[in-house]
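The values are calculated or read from the model by the stated rules, or taken from the named source; none is laboratory data. Bear in mind that the values here come from a model prediction, so they are computed numbers and not experimental data. Note that we place each Cβ from the backbone using ideal geometry, even for glycine, and neighbour counts take in every protein chain shown. Ligands, DNA and RNA are excluded from the accessible area calculation, which covers all protein heavy atoms including side chains. Shrake-Rupley method; radii C 1.70, N 1.55, O 1.52, S 1.80 Å.
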Amino acid sequence: MADLLCHEARVSAPLPPTDPLAPARLKPDADDARFIRRVVILVLMLAVASALYKMGDLLILAFGSVLGAIAIHSIADLYAGTGLSRRSALGAAITTMLGLFAFLFWLFGVQFGEQVNALVTQLPTLLKQLFAWASQSPVGAKLVNAINAAFAGSRVARDLSGLVLGGGELLLNFILLLVGALFFAADPGVYERGVLLLVPRDKRPAFEDALFDAAATLKLWLRAQLIQMTTMGVLIGIGLTVAGVPSAAALGLLAGLSEFIPYVGPTAAMLPALGLAGTVGTGPIIGTLVAYAVVRLVQTNFITPYVTNRVISIPPAVTLFAILSIGVVFGVFGLFFSAALLVVLFTLVRSLYLREVLGEDIPRSQHAPLLGPERP
């Protein structure tokens with residue numbers, strides 16, 4: 001009985017207080033904590049990458065809005081050179097941009113409306129006829145099969161079919177892009193400072209310089225593209241008119257706009273021209289090929305080296321495969337902005353890696369600092 005009472009006393013006795021300085025018995029050691037932290041960071045990075053991939057269309061629209069804002073500020077710089085205040089110049093630039101889009105809608109919807117409708121209606125039949133003509137030779141047949149196989153499962157094909165079926169979605173995306181460009185253009189400093197605040201404090205000067213380098217390069221690139229698009233559209237329109245191709249003015253305008261996507265755009269714009277030429281006869285087909293060949297030679301040897309190489313010189317093979325890769329990842333909207341996105345990536349590599357990491361002597365664009373004191 002005494003032993004039982006002693007046992008109950010030991011069981012009911014309070015436990016000794018825990019030493020607050022005693023180490024936690026289940027706490028991971030330094031190596032385990034470092035491993036867990038790296039696993040969590042890796043999972044977060046994968047989750048962010050997956051979310052960004054899912055939001056690819058939205059990100060491309062946001063990039064297009066930034067590109068539109070840069071175009072608006074480029075126009076505003078021209079107005080500011082005439083003596084207008086910065087606010088008045090920005091308002092005039094926004095009005096000019098809206099007027100330009102209204103003019104393009106008027107051209108496609110009113111002036112060239114019948115031509116564009118005929119082109120869109122006849123395009124599937126024309127492409128079938130073109131592929132049937134090319135399939136008459138063994139080499140042409142293999143090329144047509146390769147094009148069909150590559151295009152059938154691509155994201156660009158799915159996006160194009162969605163655009164054909166959903167014109168309302170295309171219009172909505174365009175409105176979002178335009179509104180976003182107006183917001184970015186109204187006060188770009190807010191967004192630039194917000195991006196820099198996400199960067200560690202000691203790395204901000206390098207990222208700020210790279211940000212302004214990309215903006216300055218894009219401004220020059222947009223001016224060069226405007227020159228190339230205008231010359232391409234005018235020359236192709238004249239050449240197709242001489243060749244006797246129907247809807248030459250609309251096809252010239254389409255060729256000019258397609259120059260925004262190097263290599264891929266002009267090649268795609270040539271297909272409907274060949275199709276419409278085929279409805280007239282063999283002579284217009286030959287004339288269309290000659291017109292595109294001559295204009296391409298003039299663009300490549302005279303216009304492009306003069307206006308583009310002064311801005312940024314990217315090897316043609318890199319440009320072609322980068323544009324195709326961006327189109328595969330982001331679809332048709334990514335294909336449309338692929339050249340501008342390539343210019344930004346190329347500029348960031350030069351600014352952040354070659355200059356800041358490897359120490360290459362690459363000049364910086366002059367700008368007032370967004371954050372921190374004035375630097376020498």
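How about the range 147-204: which helices (runs of 4 or more DSSP H) wholly inside it have at least 1 residues that are out of contact with any helix residue (DSSP H, G or I) (no Cβ under 9 Å at 6 or more places or on another chain) and modelled with pLDDT under 55? Break it down into steps so the answer makes sense when it comes.
Numbers: elements: 155-165, 167-186, 188-197.
So the answer is 155-165.
For the range 239-334, which helices (runs of 4 or more DSSP H) that fit wholly inside it have 3 or more residues that are surrounded by 14 or more Cβ atoms within 10 Å (Cβ to Cβ) and either at pLDDT below 80 or of a type in the set (Lys, Arg) (or both)?
264-278
Mind checking whether some residue in the range 213-235 is closer than 16 Å to residue 352 by Cα, among the polar types (S, T, N, Q) and either open to solvent by less than 20 Å² (accessible area, probe 1.4 Å) or not in a loop (DSSP other than H, G, I, E, B) (or both)? Break it down into steps so the answer makes sense when it comes.
Residues of the range 213-235 closer than 16 Å to residue 352 by Cα: 213-217.
Within this subset, residues satisfying the condition of being among the polar types (S, T, N, Q) are 217.
Add one more test, that the residue is either open to solvent by less than 20 Å² (accessible area, probe 1.4 Å) or not in a loop (DSSP other than H, G, I, E, B) (or both), and what stays is 217.
Yes.
How many residues are modelled with pLDDT under 85, part of a helix (DSSP H, G or I), open to solvent by 60 Å² or more (accessible area, probe 1.4 Å) and of a type in the set (A, V, I, L, M) if we restrict to the range 37-66?
Selection size over the range 37-66: 4.
Among the residues of the range 167-209, what is the count of those that are surrounded by 15 or more Cβ atoms within 10 Å (Cβ to Cβ), within 17 Å of residue 65 (Cα to Cα) and not hydrophobic (A, V, I, L, M, F, W, C)?
Matching residues across the range 167-209 total 4.
Inside the range 342-363, can you point out the residues that are open to solvent by 30 Å² or more (accessible area, probe 1.4 Å) and touching a residue at least 60 places away in the same chain (Cβ under 8 Å)?
Listed by number, the residues that qualify are 348, 350, 352, 356.
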